[in-house]
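This report refers to the structure that appears directly beneath it.
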Amino acid sequence: MSFPEPNRCPYCGSPHLLRDTERAEIVCRDCGRVIEMNLMDLGPEWRAFEADERTDRVRVGAPITRTIHDKGLTTSISWLDKDLASASISPDRRAQIQRMRKWQRRIRIYDAKERNLAHALSEMKRVADKLGIPKSVIETAACIYRRAVMDGLVRGRSIQSMAAATLYIACRICGHVRTLDEIADAASLEKKEVGRSFRFLVSEMKLHVPPLTPRDYVARLLSRLRMRGEAEDIAYKTLAIASELRLTSGRGPMGVAAAAVYVASVLTGERKTQREIAELARVTEVTIRNRYKSLVKNIVFEVML
C-alpha cells in the first residue's frame, strides 16, 4: 500500500521539498532534513533511448479518452497482414482476418446512440484540427456532448450543428478564444444554425458559459497584425479605462477590441488601416470608426499620459 507524499516539511513547515530520485529520498530544501526514504519507483523497469524502442517495449494501451465514442477501450485488428514473426500470411487466412475486421468494426457501434456519438466526435475533431484547437478543449466538448446524448437533447437535430455548438461552448468554458463565425466556417455551416444549437444547449443543460470580453480578442488581433508589445500595453490600458467609464457595456466585444487595437496602432506609429483590422476582426469599418471616436473622445489623452 502506497501513501501520499507529503507536501510540507513536518519539522519546519516549509513547502519547498526536493524529490531525489537517485537516492529515493524526499529532502526539505530549507532545513535539509530527510522526510521520506526508500521511495518506490512507479515508472517502468525498462529503459529506452529512442522513440521506436519506447513504443516497442511498452506493454499497456493508450489512456482512456472521451474523444472516441468507446473511450478507446476496444482493440483493432492490424492491417499489416503479418504474423508474430512478421511473415506474410496465406490468402485464406488473410480473407478470414478481413472478415474479422469487418465484424469488429460493426460491433464497436451497436446502437443509434453509439453511431450518433461516433459521427459527432469525428466531426468535432475535424473542426478542431482545422482551427488548431487543443486536445483539452476537445475533451471538454466531448464530455458536454455525451451528456447531451444521455439527456436526449440531440434527437432530431443536426449532428454537425450540435457538434460545432458543443465545441464553441467548450472553447468559451476553457478560455480558448474562437468566434462563432470561425467555428461555423470550419464546420461549413451557417452561423445562425450553430448559434441556434448553442443557445438550445446552454438553455437546456443549464451551462454556465462565461461572457466574452474585448480583452479576449486583443491578443489575437495584435498577433495577426504583427504589432509590438508596446501596442499591446496601450490596447489593454485603453480597454481597462473604457471598462471603468462603462464605454464597453452594450457593445460587441470584437468591435471594441478592434477599436482599441486601432487606437494602439495610431499611438505607436504602426499605422494599420481600419479596413485591415475590420477584415481580421470580422466587423465593419463603420463599427470600428464609431467605437474609435468614442474612445478618443473620452480616454485617448489619459492613455497617452
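Throughout, read-outs are computed from the coordinates displayed, never taken from laboratory work. Everything numeric in this text was worked out from a predicted model, so none of it was measured. All Cβ positions, glycine included, derive from the backbone under ideal geometry; neighbour counts span all protein chains shown.
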Asserting the computed 222 nm helical MRE of the chain (DSSP H runs at least 4 long, -39500 (n - 2.57) per run, divided by residue count, to nearest 500) equals -17500 deg cm²/dmol
Applied in sequence order to the range 258-266, the curve 6.51 cos²θ - 1.76 cosθ + 1.60 (Karplus, θ = phi - 60°) yields integer Hz couplings, x standing for Gly and Pro, of 5, 5, 5, 5, 5, 4, 5, 5, 5
Between the alpha carbon centres of the range 20-42 and the range 84-125 the gap in Å comes to 48
Rounded to the nearest 10, the angle in degrees between the Cα long axis of helix 214-225 and the longest principal axis of the Cα atoms of the chain comes to 80
Quick calc: nm separation of the 7 Å Cα→Cβ label points for residue 57 and residue 78 -> 1.9
Note: residue 208 to residue 126 extended length (0.36 nm per residue) minus current alpha-carbon separation gives 27.0 nm
Scoring only Lys, Arg, Asp and Glu (+1, +1, -1, -1) among other residues with Cβ under 15 Å from the Cβ of residue 132 yields +4
Checking 97, 77, 89 against a Gaussian network model of the chain (alpha-carbon springs below 10 Å), the top fluctuating residue turns out to be 89
For the range 112-205, the Cα-Cα pair-distance distribution in 10 Å bins from 0, as whole percents, is 18, 59, 23, 0
For the chain, longest principal axis from Cα atoms; helix 229-244 axis from its Cα atoms; angle between them, nearest 10 degrees, is 70
Quick shape summary for the range 230-305, equivalent ellipsoid via Cα gyration tensor, semi-axes whole Å in descending order, reads 17, 15, 10
Within the under-14-Å Cβ sphere about residue 111, not counting residue 111, Lys/Arg +1 and Asp/Glu -1 give a net charge of +3
Checking rank on 49-57, 14-22, 263-271, with mean other Cβ inside 10 Å and highest first, the result is 263-271, 14-22, 49-57
Share of Cα-Cα pairs in the range 47-118 beyond 14 Å, whole percent, is 73
Long-range alpha-carbon pairs in the chain, meaning those over 27 Å apart, account in percent for 64
Note: residue 114 to residue 36 extended length (0.36 nm per residue) minus current alpha-carbon separation gives 23.3 nm
Mean Cβ-within-10 Å packing, highest first, puts peptides 249-255, 129-135, 218-224 in the order 218-224, 249-255, 129-135
Protection proxy (average C-beta count within 10 Å per residue), highest first, orders 136-147, 32-43 as 136-147, 32-43
Measuring from the longest principal axis of the C-alpha atoms of the chain, the long axis of helix 135-150 (C-alpha) lies at a number of degrees, nearest 10, equal to 80
For residue 125, the aspartates and glutamates lying under 18 Å Cα to Cα, once residues fewer than eight places off in the same chain are dropped, come out as 70, 114, 139, 181, 182, 185
Spelling it out for residue 35: with amide H atoms placed in the peptide plane at 1.01 Å from N, the residues 5 or more places away or on another chain with amide H under 5 Å from its amide H are 26, 27, 28
